[in-house]
Amino acid sequence: MIVERAPAKLNLALHVRARRDDGYHELETLFAFVRDGDTVTLADAAVDAFAITGPFATKLSGEGDNLVTRARDAFRAAFGGGPCAITLDKHLPVASGIGGGSADAAATLRALARRHGVATDDPALMAVADRLGSDVPACLAGVTLIGRGRGERLTPVAGLTMPVLLVNPGVAVSTAQVFAGWDRIDRGPLPDGDAMTIVRTGRNDLEPPARALAPAIDAVLELLGAQSGVRVARMSGSGATCFALFDHAADRTAAAKVVAARNGWWSLETALA
Ligand code: C5P
């Protein structure tokens, strides 16, 4: 049995530069990962099986097009391998800007790669990841990276280790709809410098269109920004999950207590890995 963690992905900054003819957007983003997330378990089996457990299992059940089974099928088409039983333990909210589905697909690829002796940096595996979604290559690498293009052209950078609080107001937003709401104004590249400089002086250009679709994001950012010890409060990806970075874990825990009082909001106390 192989167990692979599928940590939540954060876009610590996300600058949208242009709309492309293929409908995707040219972007520059700083990807980072936290300590917690979903878990994918893989075992050999007589026939293929897929099960979902965990607090967000019901949000996915019945979705025939799950990224985990697509990752399994794409891996097999590229590298071969027999039937397997996969269990996804789902702790991250779906459609929420922290890469849940992409992280799960990447963890599935890592598990199958381990099972079949494929290196996780094998270019053919990266190509499989790329076809599954724009964030899947970054999730496969699982380290702090600058992403360009659709997010698939990756350059590693030195990471940050900091306490972080993730908060989602309980609304799922469509990535495609948020990108479609971007005003097509190029506000400039990611700043030069180390990860902290990029975080401090960067932005998420998808915040305005996401806030228009899900006004609850305003309340999340306002509440996070008002907590003591917050270095940066920003939305991740296409939302609606927002993150707050702290220097001290005690400040994060105090902020988590305030957030826990808000009905219907999901939060996770974790740390940048
Ligand atoms: O690549 P992925 O399937 O995760 O993207 C989901 C949707 O998000 C795309 O269909 C597209 O509408 C939008 N997207 C985009 N530009 C990107 C990444 C995603 O427009 N760089």
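DSSP beta bridges in the range 28-114, what fraction antiparallel, as a percent rounded to 5?
On the way: 6 of 11 bridges.
Close to 55 percent.
Give the calculated FRET efficiency between THR197 and ARG17 to the nearest 0.05, with a Förster radius of 22 Å applied to their Cβ-Cβ distance.
Computed FRET efficiency for THR197 and ARG17: 0.70.
Which peptide among 249-255, 266-272 comes first, and what is the full order, when sorted by highest mean count of other Cβ atoms within 10 Å?
By packing density, highest mean first, the sequence is 266-272, 249-255.
Under 5 Å between amide hydrogens, which residues at least 5 positions from ARG17 or on another chain qualify, with H placed 1.01 Å from N in the peptide plane?
Correct list: GLU26, LEU27, GLU28.
If amide hydrogens are placed 1.01 Å from N in the peptide plane, which non-local residues have theirs closer than 5 Å to the one on ASN204?
Amide H neighbours of ASN204, under 5 Å, 5+ apart: LEU14.
Quick one: grab the alpha carbon gyration tensor of the range 163-271, order the square roots of its eigenvalues as a ≥ b ≥ c, and give me rounded if a/c is under 1.5, else prolate or oblate depending on whether a/b is larger than b/c.
On the way: a/c = 2.47, a/b = 1.20, b/c = 2.05.
Oblate is the answer for the range 163-271, as a/c is 1.5 or above yet b/c matches or exceeds a/b.
Which of the lysines could a cross-linker span from LYS59 if the Cα-Cα distance has to be under 20 Å and same-chain partners fewer than 8 positions apart are dropped?
LYS9, LYS90
Considering the chain as a Gaussian network with a 10 Å cut-off on Cα pairs, which listed residue, GLU222, GLU207, GLU152, attains the greatest mean-square fluctuation?
Fluctuation is largest for GLU222.
Just going by the charge dipole of the range 163-271, with Lys and Arg at +1 and Asp and Glu at -1 on Cβ, which of ALA226, THR201, VAL259 is farthest out on the positive end?
Positive-most Cα among the choices belongs to VAL259.
With everything on Cα atoms, drop me the angle between helix 216-225 and the longest principal axis of the chain, reported from 0 to 90° to the nearest 10.
Tilt of helix 216-225: around 70 degrees.
Leaving out ligands and nucleic acids, note down the accessible area per residue over the range 163-271 with a 1.4 angstrom probe, in whole Å².
Here the residues of the range 163-271 average 44 Å² of exposed surface.
The values are calculated or read from the model by the stated rules, or taken from the named source; none is laboratory data. Fair warning: this is a prediction, and the values are worked out from it, not measured in the lab. We place every Cβ from the backbone using ideal geometry, glycine too, and count neighbours over all the protein chains shown. SASA here: full protein model, heavy atoms, side chains in, ligands and nucleic acids out. Shrake-Rupley method; radii C 1.70, N 1.55, O 1.52, S 1.80 Å.
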